[in-house]
Structure formats: C-alpha cells, structure tokens
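To keep things clear, I will list the structure first and then write my remarks on it.
The values are calculated or read from the model by the stated rules, or taken from the named source; none is laboratory data. Everything numeric in this text was worked out from a predicted model, so none of it was measured. With ideal geometry, Cβ positions are generated from the backbone for all residues, glycine too; neighbour counts draw on all protein chains shown. When the accessible area is computed, the model is the full protein with side chains, heavy atoms only, and any ligands, DNA or RNA have been set aside. Shrake-Rupley method; radii C 1.70, N 1.55, O 1.52, S 1.80 Å.
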Protein chains: 2
Amino acid sequence: MLSFADVTPEIVAALQGIVGDDYVIRSDPELLHYGRDETEDLQYRPDVAVRPATTDEVSRIMRLADEHGLAVTPRGAGTGLSGGALPVFGGIVLSVDRMNRILEIDENNLMTRVQPGVITGVLQDAVAEKGLYYPPDPASNGSCMIGGNIAENSGGPHCVKYGLTKDYVLSLEAVMPNGDVFRTGGKLRKDVAGYNLTQLLVGSEGTLAIVTEATLRLIPMPNFRRTLLAPFDSLDTAAKAIVAVYQSRITPAALEIVEQAALAAAVEHLGRDVPYADAEAQILLELDGTDEEALDRDLMKVGEVLLEIGALDVMLADTPAKERELWSVRKCLGEAVKKQAAYVECDTAVPPDKVPDLLRGVREVAAKYGIRQISYGHAGDGNIHVNVLTDNPDREAREKTLRPAIEAIFQVAVDLGGTITGEHGVGCSQSRYLSLCRDPVAMAAMVAIKNAFDPKGLLNPGKVLPSEVPPSLPVATV
Amino acid sequence: MLSFADVTPEIVAALQGIVGDDYVIRSDPELLHYGRDETEDLQYRPDVAVRPATTDEVSRIMRLADEHGLAVTPRGAGTGLSGGALPVFGGIVLSVDRMNRILEIDENNLMTRVQPGVITGVLQDAVAEKGLYYPPDPASNGSCMIGGNIAENSGGPHCVKYGLTKDYVLSLEAVMPNGDVFRTGGKLRKDVAGYNLTQLLVGSEGTLAIVTEATLRLIPMPNFRRTLLAPFDSLDTAAKAIVAVYQSRITPAALEIVEQAALAAAVEHLGRDVPYADAEAQILLELDGTDEEALDRDLMKVGEVLLEIGALDVMLADTPAKERELWSVRKCLGEAVKKQAAYVECDTAVPPDKVPDLLRGVREVAAKYGIRQISYGHAGDGNIHVNVLTDNPDREAREKTLRPAIEAIFQVAVDLGGTITGEHGVGCSQSRYLSLCRDPVAMAAMVAIKNAFDPKGLLNPGKVLPSEVPPSLPVATV
C-alpha cells in the first residue's frame, strides 16, 4: 500500500503561514466534514484541511507537500459519487471552496472565466440573467462546484443534447503536484497548439493537477421548453421509443427512463399517488429551443412517435408547475433510494439502443445473486444508474456479499459495449473495476501519464488507477 | 539533432513480409509523393513508404520499427498545412490510405465507426444519405482523411456552430509506438472511466500513437440553409458586426471574414468582377436549421443586425446557385493566394471580439517588415489565416527574411490572448513558435507525455514539440 509522510505540527504551522490560521482545520467535528462526500456511507479522516484563497496559495501548499512527501486530496463541494474527494490516505485535504468568484462573463465571446469553488447553479443563474446558458447539470447542481465538475467531467440530464462538462471547458489554469502553475490556453474557441492538456485534465479527478481557474464556453439560452411523460407496459417498447426518437431526427434536451422498481420507490418516497405508477417503465422527454413554433412542431412529432411505438399515454407539461410535476418522480429518485436502504450505485453506460438489454441483464444478475436493485437514468445517453440495495448494516460483510453482484452488473454493461462509469467518475469506489472496460495497454498508458505528472504520487492518491486503499471508518458521522 | 537507424534491405524485406510487395514503395517518383503535403513547398524523401491494410499490419510495422529504432511518419491524404505528414528524418512513411472502410453507420445511436483512411467528404455524403451530418469540414474536405483530421483536430467554417473534430470523436482504436494495440472506449456518449486518452490522441498529430479506427458522433442533418454576404467600409464596423451577431443570441452555422487584400486576390484569381470588391472587409454568414420558418425568422433578425451595425448591403442567397456564388470568393482564397507568390500561412486564433485588433496588428507588422499579407478566415471562431507572401524564390533566404515578421504576427495574436494555431496544427512548420503561447510548465508536461507514450521518440519525430529538423529538399517536385 502507498504511504506518505505525517502531517507534523511544523507542517500545520507552515500551512497556517500560507493561508492564515482561520483556514487550517485541525479538529473534529469540522475535520470529519472533509472526510466525507456523497459516496455511499464512506468516511475517512484527513490530518488537516486547508482552504486556500488564491492560485499562489495552492501552489505554495503543493510545494510544501512535494518537499515533505505529503498526500493531498483536492476537494470541491464534496458531492461526488465515486469517492473522488475522500482523503483515503489521510494527509491534507485542499478545499477550493474559498476560490468562488465568477471572474468574468464575456458576452461578446460567449465565455466565462471562473474559479473552481463557484457553485454550478450559481454560475448558471448568473449567465441566465444575460440570456446565456451553461448546460452541464449534475443532480447536485445547487451545491456542487465547477472545480469538482471539471475533475469528474460531470454530466446530467441535459447532456443528451448539450454534451458533458468537457464540452464546455475551453482552457484551464492549474497547479502541478510540485507547485508549478500553468495555463492550457486562453479564451479561444479553436486552439490546437500542442497536446490537449485541457481535455487531459478534465475528468482526471484531481490526480494530475489542481484546477485553479477555468474558461468555459456558454451558449444562447433556449427560451422555450416542453416536457413529455410517456408510460410503457414493457421495457422493450420503452427502449424502442428511445431509438425511435433518434430515428425521428429530433434531438431531445433530456431523455430519461425510470424503471418499475424506481417508480415504486418514488411513490413510497413522495407518499402520494403518481400517474401510471404500475408502468413497466416511464420515459421523460424534454424539448427546448429558441423558436416556440418550431418547438411545438417538434413536440407534436415526438408525441406521435411515442404513441405510434406503443406509449400508453403521452402527458404534456406546458407550464412550469406541470413541468415540475412531471419531473418530480425522476428528481426524487436519489433521495428515494437513499431512504430505502444502504446501497451501492453502479453508474453504467452503454450504447443507447442497448439500454433494454442492460436493464434486463441487471434484473437477471439481481435474481441470480438475490439482491434488490433500482435502476433509472439518462436513457438518451445510455447512462443508467443501477442502485444495488442491501439491508446488511455491516459494511465489510455487505461489501463481500455485494461485490460479485456489482462486478456482474458491470460485466453486463461492458459486454454490451459499455463502461463502468458514464458520469460519476472512477474515484476510489470503482477503481477496482476499471480494468473491466479498459485494456491493459490503455491502463498502462494511464499509469504512465500519472507518473509523468505526479512522479511522487502525492495528488489524490488511491483514485482512478487501481490501488489498495485503507478501509473506511466504521460509520459516516454526518 | 535526433537520429534513427537506417532502413536496410532487411527492413524492406520485413515490411514486404508484413504488407506484401505491392504495398512497399521504394523508388521515385512514387516515393517523393510520400515526402510532401500541402505545407508551403516543403519536400522530404522517406526511405520507404508502406501501406498497411489492417490494424495488425500497423502493429507489426511498429514492432519492427521499435525493435530497430526506425523513424515512422504516419500519413493520411497529405493535405495538412503544418507539415505533420512530412518524413523530416526520412525512415518509414506509414500511409493509412488503404484502411478506407466505413465500418458502420449506426442510425439507432447516431454514430459511425470508420477506418482512418476514409475521405471526410465521402463519409459526409454517406451519412447525409441517411439524413445525418458529420460537421467538421476543412477546406480539403474532398480529399483529406478522417485519420488526418483526428491527428490535427481539424476545423473548418462550420466549427463556429458545430465544434471541431474533437467534438465528434467518441473513442479510438490506436497502435502504440511499440506496436501494442489499445482502445480508448466504445460506442458511448458518456464514458468517464479513467483519463481521457481519446482527447489526448485527438490533435496529437500522430506523435503518440497511430489511430486505426474511430467511433464518431453524428447529428441530424439541418435540412435548411441560408447564406448572407455583408460588405463593410471599415474593419472596425465589420468586427462590431461579429460581436453584434453573438449578442443577438443567434448562432451562425458559419461566420467568415475576407479582408480587402484577400478580396483583391480573389478578383484576380476569378478573373471577373465581384460585388463590393473594394470593401474594406466582407462578412459571409450562414444559418441552418431543421425548421424553415424559424430559420427565416433568424435570417431576418441577423440581416437587421448587420444593417444596423453599418453593413453597406446585405445580399441573400436562397438557392444553391446563389449560395455557391456568395461562397465563391471565400472558397477560392487558398488557390488565389497560392497563385500570387510563395507564402507562409500563419493560422492565428484570438478571442472572436479581438479579430479587428489582430487584423490591424498584422497590417502594422506588414508595414514594419515590408511584407505583403493576405488575411481571411473563420471570424466567428476568431481563427484568421494570415498569409505572408514573398517573391524570393530561394527558400533559405526568404525564411531568414520572413521569420521575424512571422514571429511578430504570432506575437500580436498571443498578446491578444490568442494562439499560434487554431486548426492547422503545429507539425514541424510551427513548432519553433509553440513556446510563444504555451508556458514552460505546459511545455514540460507535453514533453513528459511524449516520453510516456514514445520513450524512443520514433513516432513522427520532429513534430509538435520544438526540435531541430533537417532542411527541406531544394524544391518540391510535384
């Protein structure tokens, strides 16, 4: 197992010298906050957490870490779902939450420059005021930070039309593990000068460098929106509907699927009746655009496509209230699953037309291993969150039981041409499964890249690339 | 300077054993063909050119090269503009032109799988037949290959709305410099399993690995299109128009600018009169969409924006013939410049609202150094091709004269927050300028990445990263 130098009182004093006493956290319960994210109930304890305010402070912290051989785990809002922000080897947690300024909204060039601690929803609101749109919208929108979104290449329901975080990152400023600061480009829509360091850093989960500033692309706000909900009495028909939408050559702004078990969980969570709660699957489809008449023409066309393929009904929302109502089932699922039991979320993705095979395969795995599962997600992207539930309160025992089932679920996805993570990242919770979907040559290339950036292995150790990590503390103390 | 092992008769025999006698080229004039691309009049001579038909053959060639320490230069159609395909150290040219099959057009998932030797225009036609669109459209569309487009992250006029090649590459199969074959992912719209090797390879100009298959994203074909041409009597007004279009929140499908000197060159080349040939600049704007009425509403709005800002006129094309007519000036410029004199093309890019400052700065440099220049390009992307002309037939002498002017032009772009190449790539012709727009830390990271993939430095040596390369042969023998 990897090992790192201890955080001594001298190190703490040096950190205080860099960021000031107020921004060095050394004791519980504050410190425990920096040992959690939203991944299952995992819990670690860093030796110290530090909250720099500037790129220079980040650089000086990394120089200190490099000099002494300290583990550093960068952290945004701690809303990640793969343990990317967990300090699994203790050491220093470096929180970017104080670097939370929107530096510029450039309406001439449709770009924005932001610090990593800006909350995604705050940025979206700020640009919306100027008629602009920053589309990536993970479920944690209201609290997650752009820095974390970049680290994980975050997705969300609107990726199906607008792409992922990576598709909006034009350039970055970042700090190397040894403290060196660099930029990958500028406020440019086109720039092919050398290797694409920008895109290498996006999705690298803070293991190669720490992002301290990002230049992001914006697009004009689509001012009009329509939402449809279509229940189906068979998975296959729902799946055919996904393909039929693509074949209609209309690009939905969102295309979500909620399977029967997830519907049941939603009903229980919401404590009220839901239309077509006994459907085998429901499809939620959003259209948007800048021209209302054109949008309504597409809406009619999509509605017809869904009915023709066998939807039991097509419910339309044309007011914000009805829209919220149609989305309510899909949006409550994260909480609904959490309430049911302890769970592990498998963030599978497959080619979109393989979604029914994936859902069927997952049901077979569940039957074989005697586990409960709840599946839903971004059907248009083929990205299905499979939640494996367990009533066993003992984490180690349940991990042992669940692991073969989880691996079997990932194998179903990979056999369909899929991946073990569509949008959550690998972190420490999925790293042991990475080699299921990446061949040995690709794995070796990743290790070589990590060594090229971080030869001492100090930055976010235990993440992305498979490695042994210490066990979680017994129970998350929220 | 780098040095490599010789291509001995035994190596040639081994290559013949891998691909067959017919596909090993050893003598002029065929061999000279593999020593040129479209970059100025540069000319090198490889020792041998080899045309594999399969990934396995590419792998075996690379194993041979790795074993013997041979330089290998991968090649698509040889239409590049930065010398990316030039075998500057001789050795082996590896042409992918026989790997030219469209393996699959997947209408369910809106994706295609192709070999690297597929001609971009051929792919576009094939998917258009199914109502689908592959947008990246470099000027050499009719002859360039997808493999080269991926190597250079090629652009084109429609990037302003649809993005570059990188935005369409979902995953790759590639061969490492040592012959190992790997895949970076699958037919997936979302996949964050590990570092983004796909995006690291796109734009790496064949220096890290050889792409042998690509999975590309497609979008529904926008069936309707309108083209506008607006002349301006001042650069500043034309520039204001670019910003005003962005501020109108309409996204053009193309937004090109042609400056006075380029207009004059076009008139001379076309040998006929051109409307508003004496304008200080002309802007060519294309709109497209899937709804004709919405499109025409946008068209009216954009036309008004252009007139309000001070366009001398707004000419509209609503038939394919008129459209070709409006595009004729812009499209002939490559040839028109070529006919004028020997030239060096600086592929500058700046934030779009800095285009007028760039054009003014370039004029100042031209005056200071006594050079002629012709500028035009993708204004909406801030990507301006500055052609520096010279009447000196002696390449070495003219390089000496021109180099300070070229460096000054790049410096103007960089000072405006720009880059030395927006879409042509670095290759060998711009590598000496790379450090103008990339800081030493970023440069060191790129060197480390190259060493991680290609420790022996065999793959496309002398490209991207600054290094001394042998001089070109005296004159290109076309």
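May I ask for the percentage of alpha-carbon pairs in the stretch B:420-467 that lie more than 12 Å from each other?
63 percent
Given a 1.4 Å probe and every protein chain left where it sits, what share in percent of the accessible area of the stretch A:17-221 is carbon and sulfur?
Carbon and sulfur: 43 percent of the exposed surface of the stretch A:17-221.
Using helices alone, what [θ] at 222 nm do you get for the protein assembly as shown, with -39,500 (n - 2.57) per DSSP H run of 4 or more residues, divided over all residues and rounded to the nearest 500?
-11000 deg cm²/dmol
At 10 °C and a viscosity of 1.306 mPa s, what translational diffusion coefficient does Stokes-Einstein give for the stretch A:17-221, taking Rh as the Kirkwood radius over Cα pairs? Give it in µm²/s as a whole number.
It comes out at roughly 93 µm²/s.
Leaving out ligands and nucleic acids, note down the accessible area per residue over the protein assembly as shown with a 1.4 angstrom probe, in whole Å².
35 Å²
From largest accessible area down, sort B:Asp273, A:Asp41, B:Asp236; use a 1.4 Å probe on the protein chains.
Solvent-accessible surface, decreasing: B:Asp273, B:Asp236, A:Asp41.
What net charge do the residues around A:Tyr162 carry, taking every other residue with its C-beta under 10 Å from that of A:Tyr162, with Lys and Arg at +1 and Asp and Glu at -1?
Residues near A:Tyr162 contribute -2 overall.
Please compute how much accessible surface disappears when A pairs with B, both sides summed, using a 1.4 Å probe, and round it to the nearest 100 Å².
Chain pair A/B: roughly 6600 Å² of buried accessible area.
For B:Glu468, place a label point 7 Å from Cα along the Cα-to-Cβ direction in every copy; what are the distances to the other copies, in nm, shortest first?
Shortest to longest, the spacings are 5.0 nm.
Could you point to the residue in A:Leu81, B:Met443, A:Val305 farthest towards the positive end of the protein assembly as shown's charge dipole, with +1 and -1 charges on the Cβ of Lys/Arg and Asp/Glu respectively?
Selected residue: B:Met443.
Distance check, please: which entries in B:Lys130/B:Lys301; A:Lys187/B:Lys456; B:Lys161/B:Lys322; A:Lys187/A:Lys354; B:Lys166/B:Lys450 exceed 28 angstrom between their Cα atoms?
Listed pairs above 28 Å: B:Lys130/B:Lys301; A:Lys187/B:Lys456; A:Lys187/A:Lys354.
Rg (Å, one decimal) plus Dmax (Å, integer) for the alpha carbons of chain A?
For chain A, the Cα radius of gyration and maximum Cα-Cα distance read 22.5, 71 Å.
Taking A:Gly20 in one copy and the same position in all the others, each labelled 7 Å out along Cα→Cβ, what are the pairwise distances from the first, in nm, shortest first?
Here the equivalent label points are 7.4 nm apart from this one.
By the gyration tensor of its Cα atoms, with a ≥ b ≥ c the square roots of the eigenvalues, what is the shape of the stretch B:224-331: rounded for a/c under 1.5, prolate for a/b over b/c, or oblate?
Note, shape of the stretch B:224-331 comes out oblate.
Considering the stretch B:341-437, what Rg and Dmax in Å follow from its alpha-carbon atoms?
That works out to 12.4, 38 Å for Rg and Dmax.
So which aspartates and glutamates pass the test for B:Lys339, namely a Cα distance under 15 Å, with those fewer than 8 places away in the same chain ruled out?
Hits, sequence-local ones excluded: B:Glu38, B:Glu40, B:Asp41, B:Glu268, B:Asp391.
For the stretch B:369-443 and the stretch A:322-353, compute the distance between their C-alpha centroids and round to whole Å.
51 Å
7 Å from Cα along Cα→Cβ at both A:Ser467 and A:Arg101: what's the point-to-point distance in nm?
My value for the distance between the label points is 3.4 nm.
Name the aspartates and glutamates eligible as straight-distance cross-link partners of A:Lys190: C-alpha to C-alpha under 13 Å, and not fewer than 8 places from it in the same chain.
A:Asp167, B:Glu152, B:Asp167, B:Asp347, B:Asp381, B:Glu423
Once the label point is placed 7 Å from Cα along Cβ, list for A:Lys331 the distances to the corresponding points in the other copies, in nm, shortest first.
Label-point separations across copies, in nm and ascending: 4.9.
For the protein assembly as shown, take every pair of Cα atoms, bin their distances at 20 Å starting from 0, and report each bin as a whole percent.
All Cα pairs considered, the percentages come to 14, 45, 35, 6, 0.
Let me spell out the model: positive unit charges on the Cβ of Lys and Arg, negative unit charges on the Cβ of Asp and Glu, origin at the Cα centre of chain B. What dipole size does that give, in debye rounded to 20?
680 debye
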